[in-house]
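In what follows, a structure is listed as structure tokens, so that the remarks can point back to it.
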Amino acid sequence: MNNDFSVCVKRARNGDADAFAELYSSVYKDLYRIALCNLRNSDDAADAVSDAVLDAFTSIKKLKDENAFKAWIVKILMTKIKRKQKDYITDNTQDISEVEQESRDNSFDGVEILEAISELDENERLVLSLSIVGGYKSDEIAKLCNSKAATIRSQLSRAKLKLRDRLIAEQEGR
Amino acid sequence: MGFDEQVKMLIEEAEIPERLSPENIAVMLKEKTAEKNRKEIKMSSAGIKSKNRAVAIRSAAAVAACIALSCGVTAVIQNNNRPAVTNPEYIQGHKVSDYHDVYSVIQDTIINNPADDGIGWGEISNDTVYPDVTEIEEYGSRDYLIKTFGRTAEDITVTDGKNLYCILNGALNVISAENGSMTELIKIENAEKAPVGMYIAGNRLIVVSNNTVEVPYTAGNEVAATGESGTADSSAETTTAPSLPETVTQNNTVIDIYNIADKTNVKLENTYKQNGAYISSSMNGSVLYVVSNYSNFRTKPLDSEEDLDSYIPAYYTDDGKNYVGATDISIPAKASNNYTIVAGLDIEKASPFRSIKVVLANGKSAYFTDNSVYVAGNSSGSAFIAKFALSAGDVIAPIVATVDGQWSEVTSIDEYNGTIRISTSSVAADGSKNGVSISVLDENLIPAMSLNGLCAGKNISAVEFKGNKAYIIVPGENEPYEVTLDGSENVPVAVSDKSVYLYKCTDTEFLGISAKTDENGKAEGIVLTMYSTADGINFEEVSSIEAKGVLSAALSGGKLDLRALLIDSKNGIIGIPTVKSDTYGNSNLYYVFSYKSGEGFSALGSIEYTDLSKKYEFRRSVIIDDTLYAVSDGRIVSARISDIKVIETFEID
């Protein structure tokens, strides 16, 4: 697979959209799920992934280590997520109830988990999604976030604790 | 299946939008490539002129970058050579002579300039002064106990030494507490009021509540009469203007003064009300000062100067409704469409109301000292601080100054050696919040120093001032960043020799609380450390002790509340609510430690209950004689302070 990555990256650097799409096919589900955990709704998540893909495609020549494609595009996605989260702060026109309604309108069964994750703070959401969805270890997340591994472990531990609390509370509220 | 796998599986149930499929992404990329090629062809046909323009743009960007860099350098130089007054705008809040001045300002500055605060005519906001749920969550929960609260002391649990007065589930409960045995004496519920805190002064219980009313929005000249309660007369004919809300949410702050001489016959002696959502209060002797923020006062077009209801705040005493006098209103140069209202009451007087002062500014937080209250907020896009001098119930017209940055969750105010320090969020060139600004002002709010962009790029949760230093708290980092405010240093330095959770117990003793983590970084307990300091700057560890569990939501939730900590200097008792989670649910614990100078900490014991509901998380505790009462919304537990042996469990309906 590493070789496949390498070949595809080389082709993508020459503007081959199909080659890039092949690279993308191995990571896009994780990208979307990470975005979904960190943003308010599926549209914003899809927008963040689309924007990240465009940036990645236009700047893939800057990717030095061809086998680090996934970490590289995840990092680009993180900047898109953070930008969107900043927009949320300055644009509070979307009422929280509206957000919840949107979530409920989703047909999938994992809605409760996403609502519970949405109640975590930004850093916790990011660390949790990178760990659980992306499968990254604490030291890898630390590199992605320019932070310390111990800090990430602490945030991850706290996020899981809070998530479990909220799920228990939700179960109790039914 | 483990917890992580379960969560992952549930997240994977989310359907991936079709537009993100690799096939569609490939199509999108090809279209973008084709579009880009078309643009490049156009550019090349434009010839050398376009190239020059590109060079010009790059040059301009380079110049802008140089300017940005040199500004950063300038800031450093300024900070080293104080005073660095980056915001020279300083304004004395000018008092108005009559209502016409206020009417003109609101008409000209606010209604005709709807950009103010982002809320313009036709966009009457239902927001109160408090950050909404979304905003709080954006900033995230804060596990840090460092926050300057000033002298605000109203609480949800108080005692007169024999009885407990608790606000539980929105109701006021009076409970006799004798040697650990509890009996409900009275329960007062009022659907129109949401009590937020209490004070006890002699035989009086003062309850501070928020009262929210929905007032129909009325268009045209036929206006709805507003009754004493603040609710509109439903018999009046109302017409809803297009694009305007049908109703406007207005808030009042209500002070109920009860005579509690006879605990079985608690009597309401006086009620005072002022417009605006409650911000803060402080009680000194029999004098109570109350701060509120009044927004959404316009419930109809402001087309008549005679219509005081539409633009002048009011307060309610035994005499009924009173409009704030024109000479009691100040208008800063950057007026807001919110009023900050400060009133003084003497609760021992038959008519408690003493004085009121108002400034047309959007106050969001307050800091009380012995002689003043400082209110901070945002007005017309700038952070401001207003100083109201206080004296025996009299409130003096404020002085107001703008400061760098924006009011936010990181805003703290502190008075030190005749100076005022305020922290705000720095604002980056693109308008986003980034880092912290700290302004130092003299007693007349004249700026002496300003630091900007501290800890830029970090997610900052709080700023705490101690002595001549500020500590910037970054969640997830074990040490706060230290900034010296005498101008000698300007770069935040991480502090590594003390706990980040510092609570001042006495002038020379600070309690530090930190998390204990295992080798994987998982929080598994708390560590209490007592530090000794002679100067408030250099700290020496004198004793520490560990306990299992993490801080409960009362201390670590989205809304930090230091009052959940019990620090009883008289008995040398420290109480701390914690939570343990395991596969069987949550354990709500209340740890009690004793601390004696020279002997250090010792664990007195803990109260522990396994519950599934958050309503049983301990929120407060008080000590009466030799008994500790730990209070949650669901139950109150009494225990002997000598060994924390439970005496009685009192369930709350």
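The values are calculated or read from the model by the stated rules, or taken from the named source; none is laboratory data. All values derive from a computational prediction rather than experimental measurement. Counting neighbours? That spans all protein chains shown, and the Cβs are built from the backbone with ideal geometry, glycine included. Surface accessibility is based on the protein's heavy atoms, side chains included, excluding ligands, DNA and RNA. Shrake-Rupley method; radii C 1.70, N 1.55, O 1.52, S 1.80 Å.
Counting only residues that are facing chain B (nearest Cβ under 8 Å) and not small (Gly, Ala, Ser), give me the helices (runs of 4 or more DSSP H) lying completely in region A:115-174 with at least 3 of them.
It comes to A:122-132, A:149-173.
Of the conditions (1) within 24 Å of B:Val287 (Cα to Cα); (2) open to solvent by 20 Å² or more (accessible area, probe 1.4 Å); (3) in contact with an Asp or Glu (Cβ under 7 Å, 6 or more places away or on another chain), B:Gly393 fails just one. Which one is it?
Checking B:Gly393 against (1) within 24 Å of B:Val287 (Cα to Cα); (2) open to solvent by 20 Å² or more (accessible area, probe 1.4 Å); (3) in contact with an Asp or Glu (Cβ under 7 Å, 6 or more places away or on another chain), the one that fails is (2).
In region B:616-641, what residues are acidic (Asp, Glu) and either within 14 Å of B:Lys570 (Cα to Cα) or open to solvent by less than 10 Å² (accessible area, probe 1.4 Å) (or both)?
Result: B:Asp625, B:Asp626.
Within region B:409-449, which residues are open to solvent by less than 40 Å² (accessible area, probe 1.4 Å) and in contact with a helix residue (DSSP H, G or I) (Cβ under 8 Å, 6 or more places away or on another chain)?
B:Glu409, B:Ser432, B:Met449
Evaluate the following for B:Asp346: is it open to solvent by 10 Å² or more (accessible area, probe 1.4 Å) and touching a residue at least 60 places away in the same chain (Cβ under 8 Å)?
So B:Asp346 fits the description; yes.
Output the residue which, of all residues in region A:92-136 that are at pLDDT below 50 and open to solvent by less than 40 Å² (accessible area, probe 1.4 Å), is farthest from A:Ala149 (Cα to Cα).
Among those residues, the one meeting the criterion is A:Gln94.
Would you confirm, using the coordinates I've provided, whether B:Ser426 is assigned by TED's automatic domain parsing to the domain that holds B:Asn444, farther than 22 Å from B:Tyr316 by Cβ and assigned to a strand (DSSP E or B)?
Criteria met by B:Ser426.
Checking B:Ser379 against (1) in contact (Cβ under 8 Å) with a residue 24 or more places away in the chain; (2) among the hydroxyl-bearing types (Ser, Thr, Tyr); (3) open to solvent by 20 Å² or more (accessible area, probe 1.4 Å), which single condition isn't satisfied?
Tallying (1) in contact (Cβ under 8 Å) with a residue 24 or more places away in the chain; (2) among the hydroxyl-bearing types (Ser, Thr, Tyr); (3) open to solvent by 20 Å² or more (accessible area, probe 1.4 Å), B:Ser379 fails exactly one: (3).
Would you please name the residue that is nearest to B:Val254 (Cα to Cα), looking only at residues in region B:361-378 that are within 20 Å of the chain's Cα centre (by Cα) and outside any strand (DSSP E or B)?
Restricting to residues being within 20 Å of the chain's Cα centre (by Cα) and outside any strand (DSSP E or B), the top hit is B:Ala361.
Give just the number: which of (1) in contact with a helix residue (DSSP H, G or I) (Cβ under 9 Å, 6 or more places away or on another chain); (2) open to solvent by 20 Å² or more (accessible area, probe 1.4 Å) does B:Thr317 not satisfy?
The number of the failed condition is (1).
Restricting the search to region B:323-343, which residues are open to solvent by 40 Å² or more (accessible area, probe 1.4 Å) and out of contact with any Lys or Arg (no Cβ under 9 Å at 6 or more places or on another chain)?
B:Tyr323, B:Ala333, B:Lys334
Only residues that are within 14 Å of chain A (Cβ to nearest Cβ), modelled with pLDDT under 80 and surrounded by fewer than 18 Cβ atoms within 10 Å (Cβ to Cβ): list them for region B:456-497, please.
Residues satisfying the conditions are B:Asn478, B:Glu479, B:Ala494, B:Ser496.
Can you confirm whether region B:322-332 contains a residue that is without any contact (Cβ under 8 Å) to a residue 60 or more places away in the chain and not in a strand (DSSP E or B)?
yes
So how many residues does region A:10-62 have that are open to solvent by less than 30 Å² (accessible area, probe 1.4 Å), over 17 Å from B:Glu18 (Cα atoms) and within 7 Å of another protein chain (Cβ to nearest Cβ)?
The number of residues fulfilling the criteria is 4.
Out of B:Asn296, B:Asn337, report the one residue that is part of a loop (DSSP other than H, G, I, E, B) and on the phi > 0 side of the Ramachandran plot.
B:Asn296
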